[in-house]
Amino acid sequence: MSRVYNFSAGPSALPEQVLHQAQAELMEWRDSGMSVMEMSHRGKFFSIIAEELESDLRALLSIPDNYKVLFMQGGATAQFSFIPQNILRGKTKACYINTGAWSEKAIQDAQNYCEVVVSASSETSNFTTIPDPAGWVLDEQAAYLHYTSNETIHGVEFSDIPESHGLPLVSDMSSNILSRKFDVSRYGLIYAGAQKNMGPSGVTVVIVRDDLIGVVDKQVPPVFNYAEQAKNHSMLNTPATYNWYLVGLVLKWLIKQGGVEAIEQRNIAKADLLYQTIDQSSLYRNPVESSCRSRMNVPFILADQNLDKAFLAEAEANGLFELKGHRSVGGMRASIYNAMPEEGVRALCDFMAEFERTH
Ligand code: PMP
């Protein structure tokens, strides 16, 4: 077996220790006599897995008691619709900040349920900046303010939590949750698909302040209703049990690494290394303004596009996979989530320098 360094944007690399543990426990979890995949979600063994999952996430993010933690299905994409359906609370408008492809999708889907006020947009800069919060035009009648804390495709990340001037703040943290410290109590709602920093696809985490939920139109199916799911510990129907278990293993791995603060320091070091390699070269370029460059997703273009194919082929020959940029922006993208070791980033930087030398 020879495992490669996998720079995929998601589903993405998982910690090797987690994969080994899942392998070791595949036939029998602890002393249960059965595989996690075979357990009743309401049985005594899976109840332990579910309880540890929630308590580990609460500990890692210091989630206050007045927040519900939900584990849902349908990906972050489903949340684009579930959020307005659940937290408009009789209001008719919601504010959104448009910083790239994922904000745009969130805006598009929310428009089916309410009037979307685009309070700021960086579209004119081709999504290479974050609009200055001092200039955001917020509507005080809005039910909430939504932003995407890390744009996975454009490689743009907020370094601070923006001021929401009294509106409940909602954030799509799909591609940077658990990668840096942030204060949950500043938010009304946080959501994230698992397949980048938390585990395999098929689980979506929603962390929501409890006063925001419960006022929902009858037409909303109960499985999409946050209050109903909260009441039922996200088990209104059969959850994605094995995926919950794997997310639980990733969280335990992260706790062993020293938690979010420790991994944040490593993420800073990894991102610095890669951006330095890009900035010092005359072949590679990252178009994002330096103050809002993502630590998780690093897009870069080659000065000569004719070299793209050779770059990708030679990278693969060197054990560096999934570096092709998103089809909408082209070029390359290296996703360096929590599970990517520093050696992987070093291997990429060394390869990039060598490729530049030989081409
Ligand atoms: N938001 C962001 C920031 C993402 O990166 C993605 C997926 N790459 C999504 C939402 C959509 O997630 P899903 O495919 O799980 O619905």
Quiz prompt | Over 31 Å (Cα to Cα) - which of Lys196/Lys231; Lys91/Lys252; Lys44/Lys91; Lys68/Lys218 fall in this group | solution = Lys91/Lys252; Lys44/Lys91
Quiz item: Which order do Thr124, Thr152, Thr238 take by accessible area at a 1.4 Å probe, largest first?
Solution: Thr124, Thr238, Thr152
Quiz item: Short version: ³J(HN,Hα) in whole Hz for each residue of region 210-220, in order, from phi by Karplus 6.51 cos²θ - 1.76 cosθ + 1.60 (θ = phi - 60°), x for Gly and Pro, what are they?
Solution: 5, 6, 8, 10, x, 9, 9, 4, 4, 6, 6
Self-check item: Positive-pole candidate from Gly10, Ser40, Val260, dipole of the chain, charges at beta carbon
Solution: Ser40
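Take each of the peptides 336-348, 262-274, average the number of other beta-carbon atoms within 10 Å over its residues, and list them starting from the highest. Mind dumping the intermediate values first?
Values: 336-348: 20.4, 262-274: 17.4.
The packing order, highest mean first, is 336-348, 262-274.
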Quiz item: Roughly how big is the chain's charge dipole about its Cα centre, with Cβ charges of +1 (Lys, Arg) and -1 (Asp, Glu), in debye to the nearest 20?
Solution: 500
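Write down the percent of antiparallel bridges among all DSSP beta bridges whose residues are both part of the chain, to the nearest 5.
Numbers: 21 of 38 bridges.
Antiparallel bridges: around 55 percent, rounded to the nearest 5.
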Quiz item: Which one of Met27, Leu169, Leu212 is farthest out on the positive end of the charge dipole of region 17-256, using unit charges on Cβ (Lys, Arg +1; Asp, Glu -1) and the Cα centre as origin?
Solution: Met27
Quiz item: Which value, in debye to the nearest 20, gives the size of the charge dipole of region 258-358 about its Cα centre, when Lys and Arg are +1 and Asp and Glu are -1 at the Cβ?
Solution: 260
Quiz item: Where nothing but the Cβ of Lys and Arg (+1) and of Asp and Glu (-1) is charged, how large is the charge dipole of region 44-108 around its Cα centre, in debye to the nearest 20?
Solution: 400
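Sort the following peptides by mean Cβ neighbour count (other Cβ atoms within 10 Å, averaged over residues), highest first: 165-177, 15-27. Don't jump to the answer; show the numbers that get you there.
Values: 165-177: 22.8, 15-27: 13.8.
In descending order of packing, they fall as 165-177, 15-27.
The values are calculated or read from the model by the stated rules, or taken from the named source; none is laboratory data. What you see is a predicted model, and the numbers here were worked out from it, not measured in a lab. All Cβ positions, even for glycine, are placed from backbone atoms using ideal geometry, and neighbour counts span all protein chains on display. Accessible surface is based on the protein model in full, side chains and every heavy atom, while ligands, DNA and RNA are left aside. Shrake-Rupley method; radii C 1.70, N 1.55, O 1.52, S 1.80 Å.
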